[in-house]
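Nothing in this text is a laboratory measurement; each read-out follows from the coordinates by a stated rule. This is a predicted model, so every value here is computed, not measured. Here the Cβ is made from the backbone with ideal geometry for all residues, glycine too, and neighbour counts use every protein chain on show.
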Amino acid sequence: MNVQGDEPLIPPALISQVASLLDAHPKAAIGTLATPIASVEELLDSNAVKVVTDARGRALYFSRAPIPWNRDGAPAGLASQRDFGGARRHVGGYAYRGGPLLQLAELPPGALELREKLEQLRALEHGLAIVVAEALEPPGPDVNTLADLEHVTALLTRRMP
């Protein structure tokens with residue numbers, strides 16, 4: 001199990017959900033979660049990693065770019081996009097099978113990983129199946145910017161007695 005450091009407030013239920021994914025999907029090497037994109041701004045945010053899957057829930061691609069892109073929803077280019085329906089944000093937690101994890105550790109970064117700066121693309125580039133389930137609850141705010149850090153710090157400070 002791996003929870004990314006930028007997900008400090010991920011609910012324990014989501015960690016359990018990720019951990020159980022590989023039992024439910026014996027052919028998958030890796031399991032992870034996604035949640036619906038909530039706004040056009042989130043779709044266009046390069047800090048929000050997006051994921052698209054096939055009909056069986058296997059990851060096809062992860063990107064910092066807005067995917068899937070509704071060509072007809074942005075007639076005047078990127079800034080005119082108004083449709084974010086069907087887009088999903090990756091939640092930064094992974095469950096790994098032992099063998100594929102050891103294999104990944106030995107593989108060099110591929111072209112897609114180097115371009116997007118997303119380590120899960122190394123697995124896809126080398127043919128490892130990643131199953132993606134819908135998060136059963138909201139993942140909580142992640143930390144990608146100084147403003148995000150300040151927001152999460154304030155939330156944690158309010159929780160302290």
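Given axes a ≥ b ≥ c from the Cα gyration tensor, I'd like to know whether the stretch 71-161 is rounded (a/c under 1.5), prolate (a/b larger than b/c) or oblate. Since a/c reaches 1.5 but b/c is at least a/b, the shape of the stretch 71-161 is classed as oblate. Taking label points 7 Å from Cα along the Cα-to-Cβ direction, Glu42 and Ala19 give a separation of 2.6 nm. For Val49, nonlocal amide neighbours, meaning residues 5 or more places apart or on other chains whose placed amide H falls under 5 Å from its own, are His90. Only Cα pairs under 8 Å and 6+ residues apart enter the sum, and on that basis the relative contact order of the chain stands at 35 percent. Here, the chain has an Rg and a Dmax of 16.3, 52 Å when only alpha carbons are counted. Working note: 222 nm ellipticity from helices only, DSSP H runs with n ≥ 4, each -39,500 (n - 2.57), summed and divided by the residues of the chain, gives -9000 deg cm²/dmol to the nearest 500. At a Förster radius of 30 Å, what calculated FRET efficiency corresponds to the Cβ-Cβ distance of Arg64 and Val3, to the nearest 0.05? E(calc), rounded to 0.05, equals 0.90.
Karplus-based coupling profile of the stretch 60-66, in residue order and whole Hz: 9, 6, 10, 7, 7, 7, x, with θ = phi - 60° in 6.51 cos²θ - 1.76 cosθ + 1.60 and x standing for Gly or Pro.
Ellipsoid semi-axes for the stretch 1-65, based on the Cα gyration tensor and the rule √(5λ), read 22, 17, 10 Å when sorted largest first.
By the scheme Lys and Arg +1, Asp and Glu -1, what is the net charge of all other residues having a beta-carbon under 10 Å from that of Lys50?
Spelling it out: positives minus negatives among the neighbours equals +1.
The simple Förster model, with R0 at 30 Å and r as the Cβ-Cβ distance, assigns Ala105 and Arg82 a FRET efficiency of 0.10.
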